[in-house]
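Okay, structure first, notes after.
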Amino acid sequence: MPIVRTKGSTRNDHQLNKGIWADGESRAANPLAHTDGNEPGFNVVGKRMPLKDAYKKVTGEGVYADDMRLPGMLFARVLHATRPHAKIKRLDTSRAEALPGVRAVTIGADAPIRFGVLPVSQDETAMAVDKVIFAGEAVAAVAADSEEIAATACNLIEVEYEEMPAFLKPHDSLKKVASPEHQIHDKVDKNFPGTNIHKAVDQEFGDVTAAFKAARSTPSGTFMFEGVSHGFTEPHSVLAHWDADDRLFLYTPQQVPHYTHLALAKVLEMDLHRINVVRTMVGGGFGGKSDPFPHEVIACLLAKKTRRPVKLTMDREECFLVNRARHPSEIKMALAFDPQGKLIGMDSDALIDGGAAGSFGVVSTYYNGVLSNGPYYLPAFRYKGRRVYSNRPASGAMRGHGSVNPRHAMEVLVDMAAVELGLDPCELRLRNFLPEQCLTPFHKFRITSNGIREGLEEVMRLSDWKNKWGKLPYGRGIGVACSFFISGSALPIHWNKLPQSTVHLKIDMDGGIAVHSLAAEIGQGSDTVLAQMVAEVLGVNMDRIHVRSQETDLAPIDLGSYSSRVTFMAGNAAREAAEKIRADLAAAAARLTGQPAQYFDFAGEKLICRSKPNIAVTFMEALHEAQVDRGALCASGCYVSPPLGTEFKGSNAGLSPSYSFSAYICEVDVDPETGFVQPVHVWAAHDCGRALNPLAVEGQIEGSVHMGLGQALTETMRYRNGQLLNANFLDYKIPTPYETPEMDIVIVESIDPEGPFGAKECGEGGLAPIIPAVGNAIYDAVGVRLFEVPMTPDRVLRAIEEKKRAAK
């Protein structure tokens, strides 16, 4: 049985008697017994602790890219296109080059080789070459003695455009273009030549038509989602430098240094070993720093031209234009339920606005469909997905990639079915959950652990759901929603035989343990997870572990921080490497004591003989014995996902070695006179396997809730004629602490059999359910369904007024 922990808004921690510990030790009899959150039998796993980089951040010691200074450093600025779609007829940089203090100017012709994060979508260039494809695209860049000079020089560059038809609405991109040159990109989906359809997906399994004919309830709707931004605090900032040995160093706040490494080698036509990508401290990513970016290439080009370090720091408007955030989309969805409330079919049609580049879009198109195959059993499934190019900034991966918008649609429809069938919405969900240790019917997602039932039952209890749903006064409502998400993609985007994660350990005579990994610490706590893996296996204190995850020169391959993969994949790799070191140390202890190596337990910086506890050696004694005639202890561990899935086209999309599950309840106040919605309390249950660090898990869930509330109620990217209108944090409305409700965080520990010490993801999956939970709470409060997101006051008020008119 999964273990359930509740962190209340009063900041008390409770441990509920839902089962037994993984080692068989009985739980406390008192279901509300206070604990310190520590797991019995563990050294550091399960303990509440600050992240490894926390003190550097709060004291100001952390070094971000814009903090860096190198001798002779220059500053770069970028000239951006002012048209959404136009040929470049003339580009004259002579006046900019003549300005005193300008050291170099670069244009698209200097780097015409295309790149992109996915091998199947290599459709980006560092700067526009022959035409611009969105307002804001880089056209040229300047390196100068100061930012002011560089900005002045950009204004001196003369560009003459010949405007072309702009595709600003996704439906227009579905149509055949009047002329081949009007296509935004030459390469489109092979089944739709002459259009701007980037990727088309059509999947159907089971008898969907029969399911809808047999259904008692068939709720349906057309859901509209506007684009939203990651809103990370740190703007994009990079520093490029060619050293005296003619090697390129790029300092960048990257989520995936490996992909940037590959892109730079391709575009600059260099061997990989001549490039060192150094990840600086990352001030927020959420998916928005996981592509290789044009500005990274631009800084390298300018540094090569000048043979001096070049820094390029973007302002907030430029960050919005780089984008890669949540896709605007239109989703038409219908569900079929039988008279007993069993989900028997789904039919979904998604039109996804990809903007001007592919980014992760092929994956996004599949995810919008396949990630609807949970957390409920779904015996009949039809999905049509179309991701189109448009002349807007590119959309890409954002927290909960590909799952958030369709999850809102599905969960609202589940609620509509409950009302039509006369069932409690929570009861309807409980009837349909997938069990653990199962395969989904068609895509064969392997559910190894699943605590969603326990999670939903717990948030129902905490929220007093049965006494509130449908019973609160007008204007006050409560809503529920559930979801699931991957713990890393089982299929790497580069199809090769390299491990998905590799970790190297090195211990020298000083006893410090260096952990080398390219899994990027972006604020989610991955360095802490790696340190915990090693410290737990070797029985040492956390301060002995030094994680080196910054640069490609020193760290082995890892596919980076996206798709919630690091804990599961890099964590398993670190544990494997530590187990190899453990074997060396146990053998050394055996030589020192004459006791069998397999009898030694590792705890408290000692190796203790299990059969004779009075016999023990210190960690340092065992280490120095192990180093005799050998020197430093070194070991590598790696992770490769097990074979999963089936054989049909696209069957790899959504496959993961494990899945997290979430169940949320939200209570809201709705002002029927203004349409203003105020969430007042959220009860959020998330099944993360084993909580390696409950403090970090709670923080991730709270952050997911806050980010999801922004998309639900206030955040949107507004355009006019292809120009982004609100590219700043004044007009782009992120919720403040004032709008943030009280939260009760429920950690459900299902103890995954394959996760590192039973852990799985908790960084992304917790975002999706809060949006439909708010929407369903609005319905409970004032009786209206919202099919547009964000659910702004004007939309809520319009729905209330339309309902009143319809009732007359």
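The values are calculated or read from the model by the stated rules, or taken from the named source; none is laboratory data. All values derive from a computational prediction rather than experimental measurement. Because the Cβ atoms are built from the backbone with ideal geometry, glycine has one as well, and the counts that use them run over all protein chains shown. Remember, those area values only see protein heavy atoms, side chains included, never the ligands or the DNA or RNA. Shrake-Rupley method; radii C 1.70, N 1.55, O 1.52, S 1.80 Å.
Set side by side, the residues Phe205, Phe225, Phe212 differ, and just one is crowded, with 20+ Cβ neighbours inside 10 Å and modelled with pLDDT of 95 or more, which is Phe225.
Taking first residues from segment 93-104 that are at pLDDT 95 or above and partners that are not hydrophobic (A, V, I, L, M, F, W, C), the Cβ contacts under 6 Å between residues at least 6 apart in sequence or on separate chains come to Gly101/Asp145; Arg103/Thr306; Ala104/Lys305; Ala104/Thr306.
If I ask for residues that are β-branched (Val, Ile, Thr) and surrounded by fewer than 18 Cβ atoms within 10 Å (Cβ to Cβ), which ones from segment 678-729 would you list? Lay out the reasoning, then the answer.
Going residue by residue through segment 678-729, those that are β-branched (Val, Ile, Thr) are 680, 682, 697, 701, 705, 714, 716.
Scanning segment 678-729 gives a single hit, Val680.
Counting only strands (runs of 3 or more DSSP E) that fall entirely inside segment 158-274 and contain at least 3 residues that are touching a helix residue (DSSP H, G or I) at 6+ places or on another chain (Cβ under 8 Å), the qualifying elements are 197-205, 220-225, 237-242, 248-252.
Under the condition of being in contact (Cβ under 8 Å) with a residue 40 or more places away in the chain and open to solvent by 30 Å² or more (accessible area, probe 1.4 Å), the residues counted in segment 46-66 number 10. Gly763 fulfils the conditions (1) modelled with pLDDT of 95 or more; (2) open to solvent by less than 30 Å² (accessible area, probe 1.4 Å); (3) within 21 Å of the chain's Cα centre (by Cα) except for a single criterion, (1). Filtered by the rule that a residue be open to solvent by 20 Å² or more (accessible area, probe 1.4 Å) and of a type outside the set (Gly, Ala, Ser), segment 636-660 gives Cys638, Tyr639, Val640, Pro642, Pro643, Leu644, Thr646, Glu647, Phe648, Lys649, Asn652.
Looking at Ala632, Ala588, which is the one that is of a type in the set (Gly, Ala, Ser) and more than 15 Å from Asp510 (Cβ to Cβ)? Only one candidate passes the filter, namely Ala588.
So how many residues does segment 496-520 have that are open to solvent by 10 Å² or more (accessible area, probe 1.4 Å), in contact (Cβ under 8 Å) with a residue 60 or more places away in the chain and part of a loop (DSSP other than H, G, I, E, B)?
Residues flagged as open to solvent by 10 Å² or more (accessible area, probe 1.4 Å), in contact (Cβ under 8 Å) with a residue 60 or more places away in the chain and part of a loop (DSSP other than H, G, I, E, B) within segment 496-520 amount to 3.
With the structure loaded, tell me whether Pro613 is within 30 Å of Leu262 (Cβ to Cβ) and either within 41 Å of the chain's Cα centre (by Cα) or free of Cβ contacts under 8 Å to residues at least 60 places away in the same chain (or both) or whether it fails that test. Don't jump to the end; show me each part of the working.
Details: within 30 Å of Leu262 (Cβ to Cβ): no; either within 41 Å of the chain's Cα centre (by Cα) or free of Cβ contacts under 8 Å to residues at least 60 places away in the same chain (or both): yes.
Criteria not met by Pro613.
Applying a threshold of 9 Å to beta carbon distances and a minimum spacing of six or more residues, or different chains, the list of pairs starting in segment 381-398 at a residue that is under 18 Å from Val208 (Cβ atoms) and ending at one that is β-branched (Val, Ile, Thr) and open to solvent by 10 Å² or more (accessible area, probe 1.4 Å) reads Arg382/Thr209. On inspection, Ala128 fails the criterion of being surrounded by 23 or more Cβ atoms within 10 Å (Cβ to Cβ) and part of a strand (DSSP E or B).
In segment 441-456, which residues are within 25 Å of Ile665 (Cβ to Cβ) and outside any strand (DSSP E or B)? Outline the logic, then answer.
Narrowing segment 441-456 to residues within 25 Å of Ile665 (Cβ to Cβ): 447, 449-456.
Matches in segment 441-456: Ser449, Asn450, Gly451, Ile452, Arg453, Glu454, Gly455, Leu456.
Could you go through segment 300-320 and let me know if any residue there is in contact (Cβ under 8 Å) with a residue 40 or more places away in the chain, hydrophobic (A, V, I, L, M, F, W, C), over 24 Å from Ala265 (Cβ atoms) and not in a helix (DSSP H, G or I). For segment 300-320, residues in contact (Cβ under 8 Å) with a residue 40 or more places away in the chain, hydrophobic (A, V, I, L, M, F, W, C), over 24 Å from Ala265 (Cβ atoms) and not in a helix (DSSP H, G or I): absent.
Among the residues of segment 364-380, is any open to solvent by less than 20 Å² (accessible area, probe 1.4 Å) and part of a strand (DSSP E or B)? Spell out how you get there, then give the answer.
Kept after step one, since they are open to solvent by less than 20 Å² (accessible area, probe 1.4 Å), are these residues of segment 364-380: 364-365, 367-376, 378, 380.
Still in the list and also part of a strand (DSSP E or B): 376.
Yes, segment 364-380 has at least one match.
Any idea how many residues of segment 416-430 are open to solvent by less than 40 Å² (accessible area, probe 1.4 Å) and outside any helix (DSSP H, G or I)? Talk me through it step by step, then tell me what you get.
Our first condition is that a residue be open to solvent by less than 40 Å² (accessible area, probe 1.4 Å); within segment 416-430, this holds for 417-418, 421, 423-426, 428-430.
Among the residues that remain, those that are also outside any helix (DSSP H, G or I) are: 423-424.
Looking only at that region, the number is 2.
Summed over segment 565-609, residues that are without any contact (Cβ under 8 Å) to a residue 40 or more places away in the chain, among the small types (Gly, Ala, Ser) and surrounded by fewer than 19 Cβ atoms within 10 Å (Cβ to Cβ) total 4. Residues of segment 661-677 that are out of contact with any Gly (no Cβ under 8 Å at 6 or more places or on another chain) and either open to solvent by 30 Å² or more (accessible area, probe 1.4 Å) or in a loop (DSSP other than H, G, I, E, B) (or both): Glu673, Thr674, Gly675, Phe676.
Of the conditions (1) farther than 30 Å from Gly396 by Cα; (2) modelled with pLDDT under 95, Tyr562 satisfies every one except a single condition; which number is it? Tyr562 satisfies every listed condition except (1). Scanning segment 208-262 for residues that are in contact (Cβ under 8 Å) with a residue 40 or more places away in the chain, acidic (Asp, Glu) and in contact with a strand residue (DSSP E or B) (Cβ under 8 Å, 6 or more places away or on another chain) turns up just one, Glu226.
Residues Trp469, Trp465: which one is open to solvent by less than 40 Å² (accessible area, probe 1.4 Å) and either modelled with pLDDT of 95 or more or charged (D, E, K, R) (or both)? Explain how you work it out, then say what you get.
Working: Trp469 fails: open to solvent by less than 40 Å² (accessible area, probe 1.4 Å).
Going through Trp469, Trp465 in turn, the sole match is Trp465.
Note on segment 67-103: residues that are among the small types (Gly, Ala, Ser) and open to solvent by 50 Å² or more (accessible area, probe 1.4 Å) amount to 2.
Can you say whether Ile149 is of a type outside the set (D, E, K, R), open to solvent by less than 70 Å² (accessible area, probe 1.4 Å), at pLDDT 95 or above and assigned by TED's automatic domain parsing to the domain that holds Ala81, as far as the supplied structure shows? I'd like the intermediate steps shown before the answer.
Values: of a type outside the set (D, E, K, R): yes; open to solvent by less than 70 Å² (accessible area, probe 1.4 Å): yes; at pLDDT 95 or above: yes; assigned by TED's automatic domain parsing to the domain that holds Ala81: yes.
So Ile149 passes the test.
Write out, first by first residue and then by second, each pair whose Cβ atoms fall under 7 Å of each other, whose residues are 6+ apart or on separate chains, and whose first residue, in segment 434-453, is without any contact (Cβ under 8 Å) to a residue 24 or more places away in the chain and farther than 16 Å from Cys482 by Cα while the second is among the hydrophobic types (A, V, I, L, M, F, W, C) and open to solvent by less than 40 Å² (accessible area, probe 1.4 Å). Pairs found: Gln437/Ile447; Cys438/Ile447; Leu439/Phe445. Quick check on segment 767-787. Is at least one of its residues surrounded by fewer than 24 Cβ atoms within 10 Å (Cβ to Cβ), among the β-branched types (Val, Ile, Thr) and within 30 Å of Thr528 (Cα to Cα)? No, segment 767-787 contains no residue that is surrounded by fewer than 24 Cβ atoms within 10 Å (Cβ to Cβ), among the β-branched types (Val, Ile, Thr) and within 30 Å of Thr528 (Cα to Cα). Can you spot a residue in segment 525-547 that is under 22 Å from the mean Cα position of the chain (by Cα), open to solvent by 10 Å² or more (accessible area, probe 1.4 Å) and polar (S, T, N, Q)? No, because not a single residue in segment 525-547 is under 22 Å from the mean Cα position of the chain (by Cα), open to solvent by 10 Å² or more (accessible area, probe 1.4 Å) and polar (S, T, N, Q).
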